[in-house]
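None of the figures in this text is laboratory data; all of them are computed from the coordinates on show. Treat the numbers as computed from the prediction; the structure is a model and nothing was measured. Glycine also receives a Cβ, built like all others from the backbone with ideal geometry; neighbour counts cover every protein chain displayed.
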Amino acid sequence: MNKSPKVEELIHYSRVLYERKLLHSTGGNTSVRDGECVLISQTGAELGSLTENEIVKVDLDGKVLEGTAPSKEMGMHLAMYRARENAGAVIHAHPTFSITHSTMISEPTTDSIPPYTAAFYVRAGRVPFIPYHPSGAHSLHEAVETLASNYHAILLRQHGLLVSAAVMTDALGIVEEIEQCCQISITAGAKGEWLTEAQCRQIDEALGRSW
């Protein structure tokens, strides 16, 4: 695939995710929207050394337009793009503390991450939780699809995070805020206190959003 600003954006932030240890080995996948198409990392690609030859172009129905095999988690990415008009980038990362936190939750919830910081709640807000599904499973992609129109960040049990945003730098920031709050939660345990419902509501009102 020829290099373009979108290709360079995808490569750069994929490598940043790896360098910041938000994913490991061949784990995780990334994508950016390019008009009515999506550029997504190839299945099995190591994001820390992603090249333009490991990027696949697909349409919003998942038809391959250029390249070989897209990530097996393509269905999650496309669910976000189809449901969220402002989504220009999607990250599926495997951050250590986020995955650890996910193992402590057993039932579906729409509020899985404690809002320890205002920065987290501004960027991520309410983060729903999806119980375990095998990686790449159609059932996982369907579960994401049911939440995508209402939430831009989702915690996947024993699997990681799925985040969408207008651009990659914003998506990365959301991943980092979630990972920090999960680390605080695990470190503080039951002793930690987070923002009150009133404080969260004040942020929601300032941003003009509801859940």
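What the table below lists for this structure:
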read-out: Segment 46-182 - share of DSSP beta bridges that are antiparallel (%, nearest 5); value: 85 percent
read-out: CD proxy at 222 nm, helix term only [per DSSP H run n ≥ 4: -39500 (n - 2.57); per residue of the chain; nearest 500]; value: -12000 deg cm²/dmol
read-out: Residues with amide H under 5 Å from that of Ala166, placed H, sequence gap 5 or more; value: Gly88
read-out: Cross-link pairs beyond the 22 Å C-alpha cut-off, checked among Lys6/Lys57; Lys21/Lys63; Lys3/Lys57; value: Lys21/Lys63
read-out: At 1.306 mPa s and 10 °C, Stokes diffusion of segment 138-211 via Kirkwood alpha-carbon radius, µm² per second; value: 111 µm²/s
read-out: Cubic angstrom per residue, convex hull over Cα atoms of segment 5-207; value: 108 Å³
read-out: Sorted peptide list for 37-44, 18-25, criterion being average Cβ within 10 angstrom, highest first; value: 37-44, 18-25
